[in-house]
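The values are calculated or read from the model by the stated rules, or taken from the named source; none is laboratory data. Computed from a predicted model, the values in this text were never measured in an experiment. When we count neighbours, we look across all protein chains shown, and the Cβ atoms used for this are built from the backbone with ideal geometry, even at glycine. We work out accessible area using only protein heavy atoms, side chains counted, and drop any ligands, DNA or RNA first. Shrake-Rupley method; radii C 1.70, N 1.55, O 1.52, S 1.80 Å.
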Amino acid sequence: MRRGRPHRKLLRGSSRSRHTFPHSLETDRLDFERLSPETVDVLALYEVFGRSPDAEAVFEYVDSDPHRTPKETFEFVRRAETQWAQGEGAKYVIRPSSGEGHGGEIAGVTGIYPDWDRRLATLGIVLDKRFWGNAYSSERAALFVELAFERFDLDVVAVKYVDGNDRSRRAIERYVDRFGGRYEGLLRNRLAVEGEVYACHRYTIAREEYERSTREEPG
């Protein structure tokens, strides 16, 4: 991934309406499209989030379980549409660009969730195991951090991972360090899933940290 500010493309992301959220975004290696029945084959997404032999590993540290039926995947997509319509969040299907391995295939789903009153956005991602180890999570995060500050005019970006998820910890620390952010601490009993309670580690990037880091990056 190029240094500097390679993600300016997002400010030219296509939009079919005046909605706050762009309908599509791109980086050097990834394409992002609004998650909806019109943009994703629900059965293809179910193959990744439900039928895949890697689904258990993919969802091990996620705040939900692998999808048991295509109906669950359909409801997942419908909930994303409701969030979008209400301005509460934007979920995108991730696909590698045409020059990448598995170009055009579903690599996962990511989201940005603004809390407009608190002027804060949280980020999330679920990535198919086939695409682990490519730094796609960091590339996506850099795009969404810029989106939060440059387009949404928010003040803080927050991200967390479940205690024990070292893969997410390493990815998060790389991009939080890049943008001058900080580790906020361990949040005990922060997440409950199917009767189990988990602790989460939280990191934040403030606007002033982001602006300082991007000024300091080589052009």
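The residue among GLY164, PHE179, ALA141 whose Cα reaches farthest toward the positive pole of the charge dipole of the stretch 130-183, with charges on the beta-carbon of Lys, Arg, Asp and Glu, is GLY164.
Remark on ALA121: its backbone amide H falls under 5 Å from those of ASP115, VAL156, VAL157, ALA158, a criterion applied only to residues 5 or more positions apart or on other chains, H modelled at 1.01 Å from N. Within the accessible area of the chain, the carbon and sulfur atoms contribute 44%, probe 1.4 Å, all protein chains present.
The distance linking the stretch 183-210 with the stretch 120-181 is 13 Å (Cα centroid to Cα centroid, whole angstrom). Where in the stretch 37-77 is the amide nitrogen less than 14 Å from a point lying 7 Å along the Cα-to-Cβ axis of GLU194? Under 14 Å, as judged by backbone N against the label point of GLU194, lie 50-51, 55-69 of the stretch 37-77.
Among DSSP bridges having both ends in the chain, what percentage is antiparallel? Round to the nearest 5.
Restricted to the chain, the bridges split so that about 90 percent are antiparallel.
Applied to the stretch 181-188, the Karplus parametrisation 6.51 cos²θ - 1.76 cosθ + 1.60 on θ = phi - 60° returns per-residue 3J(HN,Hα) values of x, 8, 7, 8, x, 8, 9, 6 Hz, with x for Gly and Pro.
Solvent-accessible surface of the chain, averaged per residue with a 1.4 angstrom probe and all protein chains in place: 52 square angstrom. In terms of overall dimensions, the C-alpha atoms belonging to the stretch 95-219 reach 48, 38, 25 Å along their principal axes, ordered largest to smallest. Judged by the ratio a/c of the largest to the smallest principal axis of the C-alpha gyration tensor, the stretch 24-126 counts as oblate, that ratio being 1.5 or greater while a/b is no larger than b/c. Restricting the GluC sites (Glu not before Pro) of the stretch 132-219 to loop positions (DSSP other than H, G, I, E, B) with no more than 10 neighbouring Cβ atoms within 10 Å leaves GLU194.
Starting from the Cα gyration tensor of the stretch 165-219, take the square roots of the eigenvalues, sort them a ≥ b ≥ c, and report rounded, prolate or oblate (rounded when a/c is under 1.5, otherwise prolate if a/b is larger than b/c, else oblate). Since a/c reaches 1.5 and a/b is larger than b/c, the shape of the stretch 165-219 is classed as prolate.
When shorter helices are ignored and each DSSP H run of at least 4 residues is given -39500 (n - 2.57), the per-residue value for the chain at 222 nm works out to -8000 deg cm²/dmol.
Sparse packing (at most 11 other Cβ atoms within 10 Å of the Cβ) combined with a DSSP loop state is found for the following GluC sites (Glu not before Pro) in the stretch 36-72: GLU38. Can you give the net charge of the other residues whose Cβ lies under 10 Å from the Cβ of GLY180, counting K and R as +1 and D and E as -1? Value of the local net charge: -2.
Computed from backbone phi with θ = phi - 60° and the Karplus coefficients 6.51, -1.76 and 1.60, the 3J(HN,Hα) list for the stretch 61-74 is 10, 9, 7, 7, 9, x, 6, 8, 9, x, 4, 4, 5, 4 Hz; x is used for glycine and proline. Remark on ALA107: its backbone amide H falls under 5 Å from those of ILE94, ARG95, a criterion applied only to residues 5 or more positions apart or on other chains, H modelled at 1.01 Å from N. The mean sequence separation of alpha-carbon pairs under 8 Å and at least six residues apart, normalised by the residue count of the stretch 44-112, gives a relative contact order of 24 percent.
Compute the relative contact order of the chain as a whole-number percentage, counting only Cα pairs closer than 8 Å that sit 6 or more residues apart in sequence.
It comes to 18 percent, rounded to a whole number.
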